[in-house]
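First comes the structure, then the notes that go with it.
The values are calculated or read from the model by the stated rules, or taken from the named source; none is laboratory data. Computed from a predicted model, the values in this text were never measured in an experiment. For neighbour counting, all protein chains shown are included, and Cβ atoms are generated from backbone atoms with ideal geometry for every residue, glycine included. What goes into the accessible areas is simple: the full protein's heavy atoms, side chains included, and nothing from ligands, DNA or RNA. Shrake-Rupley method; radii C 1.70, N 1.55, O 1.52, S 1.80 Å.
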Amino acid sequence: QVQLVESGGGLVQAGGSLRLSCAASGSVNSINATGWYRQAPGKQRELVAAITRGDTTTYVDSVKGRFSISRDSAKNTVYLQMNRLKPEDTAVYYCNAHLRRHWWSADNNYWGQGTQVTVSS
């Protein structure tokens, strides 16, 4: 089994910072890409940032210059550093990983359980 365990969410004032972590546990052979998504009440889930095994990154326009995604391949962990947070960043943040459990298996998609980020004005 593979689990994605997120941590680092919480309540912060506007202008503050948080760092989210997503650790993949279990049998993992390789992680092709990991992304952070968020879903606010009444809104669709959106991709916030993603990083590939080759360290290519992408960000939604609304977080460019404020958020930074990085990874530690030795720990199978991806981080989302969120700076200059705004109330509109309030959402449940989910980690998603496209990975392979064994060298002979197909790639599959996995989701974490989500972590709440609340930014007060």
_Accessible area expressed per residue, region 1-98, with surrounding protein chains retained (probe 1.4 Å, Å²)_ = 51
_Pair V60, Q81: separation of 7 Å Cα→Cβ label points (nm)_ = 2.2
_Straight-line reach only, C-alpha to C-alpha below 27 angstrom: list the lysines that K43 could link to, leaving out same-chain residues fewer than 8 apart._
K64, K86
*asked:* Highest mean first, how do 41-52, 88-99 rank when packing is the count of other Cβ atoms within 10 Å averaged over residues?
replied: 88-99, 41-52
_Solvent-accessible area, 1.4 Å probe, carbon plus sulfur percent, for the chain_ = 47
*Calculate, in nm to one decimal, what E88 and E46 gain on full extension: separation in residues at 0.36 nm each, minus their alpha carbon distance.*
13.8 nm
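Stretched out fully, how many nm does the piece from A74 to Q113 gain, at 0.36 nm a residue minus the Cα gap?
Here the segment from A74 to Q113 would lengthen by 11.8 nm.
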*Considering Cα pairs under 8 angstrom that are at least six residues apart, work out the relative contact order of the chain and quote it in whole percent.*
36
